[in-house]
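What follows is a set of notes on a single structure, which appears directly below.
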Amino acid sequence: MLEQGVGLDEAGILQVLRLPDDEIPAALQLAHEVRMRWCGPEVEVEGIVSLKTGGCPEDCHFCSQSGLFSSPVRSVWLDIPSLVEAAKQTAATGASEFCIVAAVRGPDDKLMKQMRDGVAAIKAAVDINVAASLGMLTQQQVDQLVEMGVHRYNHNLETAQSFFPNVVTTHTWEERWSTLKMVRESGMEVCCGGILGLGETVEQRAEFAAQLAELQPHEVPLNFLNPRPGTPLGDRPIVDPKDALRAIAAFRLALPRTILRYAGGREITLGDLGTRDGLLGGINAVIVGNYLTTLGRPATQDLELLQELKMPVKALSATL
Amino acid sequence: MTVMVYCERCGEPGRHDECERARALEPPRFCAKCRRRMKVQVVPAGWTATCVEHGTMHG
Ligand code: SF4
Ligand SMILES: [Zn+2]
Ligand SMILES: [Zn+2]
């Protein structure tokens, strides 16, 4: 794998996910070497913001933004000046990516217009790559996003195909897959990951990593469930920190060349030390600052850690 | 002095240790004075939470 950059198959991934505790450090070390060999020492830094929060008609059981649960998250839209300001704050951390997210099944005309205006305003004021995550798309919407200059599209498969119906009933894994195919064919970069700790078995975790490897996304954001009050998964336990580290190593070994990003839940699952362990175990990208409805640790803490680990922040020019 | 009547995280009366711990990584969701659900916008470097009656908090 180190030599050829070919990832582990599902059986190999499962072996890593089942390693005894005392073999986790060696797996993280190997994952780190694979990352250094195929991706290099740079770390891609990204900020994310919610353009339209809450009131989503879908029922993803982990999500506080579904309008179908008694979550305290209310529906709210971000205005364009605030969106541009958020992009500026993100760029000020040295980040090269800014992802605009909306809690929707898929965009309607109002959201597409807000995107058109918002992306144009950001591009006029801030030097940063703009990514988007707006749910399921039509071919026409894919084309419009390309035209706006959105360079990467996030659409998570969330979990293994075999477990997806336990988590979402209002749309299918296959519907998500077809949006991802359109995005890939459009030339936009594909960002696709998911959430661990939804109740999937360890076999399903391996299945999920193998399914992502088949998709070969440019980026895989790895979230750990942060159980949200009022959601069907609100009382689930958080992922065991050792299982989280096994998963980080396994996903890197399944996807040697992808941008593997620490996304939500790392603070809760792994604490402050976990960020370091992940960055030395296959992770090569972080979301800095706050998430969509919850808060992260301050960007400065992550940036100081990167300095200490001698991992340069990937420059904007390197991504163009 | 403002007296906190409702928990800003769960909206129930009083203070709750678990909610206070969670608040380190969450913005408030309920107005502590009137228990209304607030309109909360999180951005990368902060958040605002607005109660129609009691105004906007920043963090
Ligand atoms: S589609 Fe997205 S915003 Fe809507 S409930 Fe599912 S995860 Fe939440
Ligand atoms: Zn409470
Ligand atoms: Zn109030």
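General remarks:
- Qualifying residue in the stretch B:27-35 (condition: surrounded by fewer than 15 Cβ atoms within 10 Å (Cβ to Cβ), within 16 Å of ligand 2 (Cβ to nearest atom) and closer than 15 Å to A:PRO229 by Cβ): no
- Highlighted here are the strands (runs of 3 or more DSSP E) found entirely within the stretch A:217-320 that include at least 2 residues which are away from chain B (no Cβ under 14 Å) and not acidic (Asp, Glu): A:219-224, A:259-262.
- In the stretch A:46-83, the residues that are among the aliphatic types (A, V, I, L, M) and either at pLDDT below 95 or closer than 30 Å to A:PHE164 by Cβ (or both): A:ILE48, A:VAL49, A:LEU51, A:LEU68, A:VAL73, A:VAL76, A:LEU78
- Selection of the stretch A:31-74 for residues being among the aliphatic types (A, V, I, L, M) and open to solvent by less than 70 Å² (accessible area, probe 1.4 Å) yields A:ALA31, A:VAL34, A:VAL43, A:VAL45, A:ILE48, A:VAL49, A:LEU51, A:VAL73.
- Filtering the stretch B:40-49 to residues that are crowded, with 17+ Cβ neighbours inside 10 Å and over 13 Å from B:ARG9 (Cα atoms) leaves B:GLN41, B:VAL42, B:VAL43, B:PRO44, B:ALA45, B:TRP47, B:THR48.
- Residues of the stretch B:1-52 classified as within 16 Å of ligand 3 (Cβ to nearest atom) and of a type outside the set (Lys, Arg), total: 24
- Here B:ARG29 meets the list (1) at the interface with chain A (Cβ under 7 Å from one of its Cβ atoms); (2) touching a Phe, Trp or Tyr at 6+ places or on another chain (Cβ under 7 Å) almost entirely, failing just condition (2).
- Pairs are defined by a Cβ separation below 6 Å, a sequence spacing of at least 6 or placement on different chains, a first member in the stretch A:150-172 that is on the phi > 0 side of the Ramachandran plot, and a second member that is open to solvent by 10 Å² or more (accessible area, probe 1.4 Å); the pairs so defined are A:GLU158/A:ILE195.
The values are calculated or read from the model by the stated rules, or taken from the named source; none is laboratory data. On a predicted model such as this, the values are computed, not experimentally measured, just so you know. For neighbour counting, all protein chains shown are included, and Cβ atoms are generated from backbone atoms with ideal geometry for every residue, glycine included. Protein only, heavy atoms only, side chains kept; ligands, DNA and RNA dropped before computing areas. Shrake-Rupley method; radii C 1.70, N 1.55, O 1.52, S 1.80 Å.
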